[in-house]
Amino acid sequence: MLNKSYFSYWGLLFYPMVALLLSAILTKFCVRILPRLGYVDKPGGRHLHERSVPRGGGIAVILSFFFTLGSYAFLSQVPASIKLLWWLLIPSILLGALGLVDDRRELKSRLKLVVQLMVAFVVWFNLDRHYVVLGCQIPWFLSLALTVGWVVIIINAFNLIDGLDGLASGLAIVSAGCMAIWFLLTGKHMSEAMAMLILAAACLGFLRYNFHPAKIFLGDTGSTFLGLMFAITGLSSVDRAVTATSLLLPLLVVGVPLFDVILAIWRRSARKLLNPRSGGIMEGDRDHLHHRLLRQTSKQTTTAWILYLLGCCFSAGALLLLIARNSVPAVAYILLLIAVLIAIRQLAGVELSESARLIQNGLSKPRRGLLINLVHPFIDFCCVATAYLTACLLTCGAPGTLYIFLLTFSPLALLLCISGIYRVFWLRAGINDYARLFLLIVFGSLVSNLLLYGYGYCEMAEQYGITPRQFVSGSAIFTMVNILLILGERFCIHYAGWFWFRELSLQRQPREQQQRLLVYGGGLKCRVFVNILYCAQKSNDPARIIGIIDDDPALCGMRLYGFPVFGGCENLEKIYRKHPFDKILISAHSRDEEKMVLLKKFCRDNGVMLEILRIEEEPVK
């Protein structure tokens, strides 16, 4: 129940309304006064606006937020509210001062990073510095590193996403509203709930002048402040005993800015590795989420609404995870994982392409591909740890203790290391290599389960009430997830080397430069050609196979070597209308002269190239 003495229902409306009106008034004042002080954002470079716009308007959001929150804290005289006010105020003064100077002088990125690290240290010093992970209290230095990393990442996430009119302030409204609902549903952190409502209202008052066409920008003053508010509030709301749910909720609430900054780090790191002369991680570019969507929609308002909707989806996922964490947590985690994979596939095309080029260059020779063999043990260790957590959460409803984790993890990890399986070059692995790995995983998982039953079952039964039947189910889940993840990772590498890298390379080329290719004949010569085109990593060849035609009626409608079989050459006109192509490659010469004449006539009439694939042996002289 809510404590009505200081957090009455009318307060949920009154204080946000005060923040809304005050923010609107201050923003209108800033629109007039900031240009006179030199706070002007001129068009050009990576900027999307076409005229000079005042920036630094985040000061209006900051002042309205702290005036309203301070009034609430001192009028209510609740220790938690006053404590939260000081937690937020002290680092905000440091970061706000940095933002005001940066909006006026354009400071260097390294100097800004140093100040952000100082602010993050202040946040860590003020908050509870003791966390318990898997039943063990982590040391202070690890707590410091995690806190500083979290604060700096979230601050820069909102700073980077602020590249479109109304985007950062609109996403802040969505995130703050979600966090407020979260706090109210849990019945805890009521002071944080009021702070989030006030923040959302202050951003809404500012959005009136910030939406396209913007009359004022947040600037670094406002965008970094918003990131700081969510970073501190997320940390203060994470349970001291860190669980997957308590950690995922604040991550999802700021999902869109966080996803964008992760993509930026990923993209810029890959480009730096590809070309050492290119800009580093701190250098800006025009490949952020809002830039990509804007290139597709050509409208800032449409782009902003799409990202608002995406932010609402992340927030809804956070609330769903909160509601389902006690009933069906595994289902919620699986749905979340699927959503993240879909988001990466749909929104991270640039990053995937850059990574594909990087891996393709690194794996073009087995000697260069040694890096993957060195990384493989760490990938497998993550897979085994994931299998352990999955089995524990499904059977015990908890991640278990460090002792149980070590009993389960160590035997399989040790067996993989001493088996010699990491000497296999998986881009050219045979079926016997996969069979050997499968047997190793099954045997190692069995040893881990037997060791856990002999030395850890009593502890699990006493602490979690697990029965022998549940233990067997958990053991089976642990084994199956290991097989799925470890073997699946190898298959993904094989698939990427055979097909995916080339597809990503082709996606970077304009459509008009790509050559649509139809292969005639689905025999072994066709397979050889596919291997040459895809496995040889011939990224300069613009050919894209759209399908295969074969005169064998049994193959019609089926798929060969990953491509559809459209039918025989008698259906060329119909195939061409439905799937236009630029070239036909004959991989199996037909003995039927009438069909060859039909092929030649069709190509002449439609301006399609016709070539024959020849694979010949030539003696060495």
Close lysine pairs (the range 512-612; alpha-carbon distance under 25 Å; 8 or more apart or on separate chains) counted at 16
Working note, the range 512-612: Cα radius of gyration (Å, one decimal) and Dmax (Å, whole number) are 12.9, 36
Starting from the amide H of Gly547, placed 1.01 Å from N in the peptide plane, find each other amide H under 5 Å away whose residue is 5 or more places distant or on another chain. Val519
Percent of Cα pairs exceeding the 15 Å cut-off, where the set is the range 379-418: 38 percent
Of the listed links Lys215/Lys272; Lys112/Lys272; Lys28/Lys188, those spanning more than 31 angstrom between alpha carbons are Lys215/Lys272; Lys28/Lys188
Determine the gain in length on full extension of the stretch Asn432-Ala476; use 0.36 nm per residue of separation and subtract their C-alpha separation, reporting nm with one decimal. 13.4 nm
Suppose the chain between Tyr561 and Gln77 were pulled fully straight at 0.36 nm per residue; how much longer would it get relative to their current alpha carbon spacing? 167.1 nm
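Quick note: the coordinates plus some simple rules give every number you see, no bench work behind them. Only a predicted model underlies this, so the values are computations on that prediction, with no experimental measurement involved.
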